[in-house]
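A short worksheet on the structure shown next.
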Amino acid sequence: MRIPGIKQPYGIWKKLSGRKGTTLGEMLVAVLILMMLTMVVAGGTGIAVKVYRSEKAYSESRVLANTVLLAMTEELRYASGLTIGEDGMSVSYDSRSYGAGTTMKLEPWSVGEGGLIKLIYSGEGEHNAPRTDDLFQESTYSGYRIQPHGEEPVFALDGEALVISYDVCDPFGKVQAELEGVKIRLLNTGAK
């Protein structure tokens, strides 16, 4: 029925304004297309989240590896009288910041797991009593741990340089970052 002065529907609106409805087949095709689009979006989102987590873990571990190396370098570059522990997990030295008898050591959490870098003071120099401190607070490590790189010791001497090798592992033990054979030039030579 035509009403004068009112625009008549056209295109899709003309079809919708008719008395015919949507058939069951058209409805099923529409639902099928919607389900396929939803599966594609969900799959893509799942992959994106997995890649994001992987890249975030890699990035955090690289930052931690470099931050620990920088802190070690700042402490050890000006150290004197260096001696490496027999297991290669520690280095004893006279620190310009903490005094004589300071030890930097990788202390594992448990057998087969990585640990934290600790500074152990003998109580000489500026520190009155023996004590142990983390190189960083444990919250800095965010569940990451440091472990020796393969069979190599963490600390080794190479002439007038200290060679450091370690891996940064995530909380599940997967190696996320590797530092192998990084040399710190010792400015106050005189290794014991």
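Can you list the residues of the stretch 60-83 with backbone N under 15 Å from a point 7 Å past the Cα of Glu178, pointing along Cα to Cβ? In the stretch 60-83, the label zone of Glu178 (backbone N under 15 Å from the point 7 Å along Cα→Cβ) covers 62. Across the stretch 27-79, the convex hull enclosing all Cα atoms gives 31 Å³ per residue.
Exposure check, 1.4 Å probe, all protein chains in place: Ile84 carries approximately 50 Å² of accessible surface.
The values are calculated or read from the model by the stated rules, or taken from the named source; none is laboratory data. Keep in mind that this is a model prediction, so the values were computed, not measured. Virtual Cβ from ideal backbone geometry, glycine too; neighbours counted across all protein chains shown. Remember, those area values only see protein heavy atoms, side chains included, never the ligands or the DNA or RNA. Shrake-Rupley method; radii C 1.70, N 1.55, O 1.52, S 1.80 Å.
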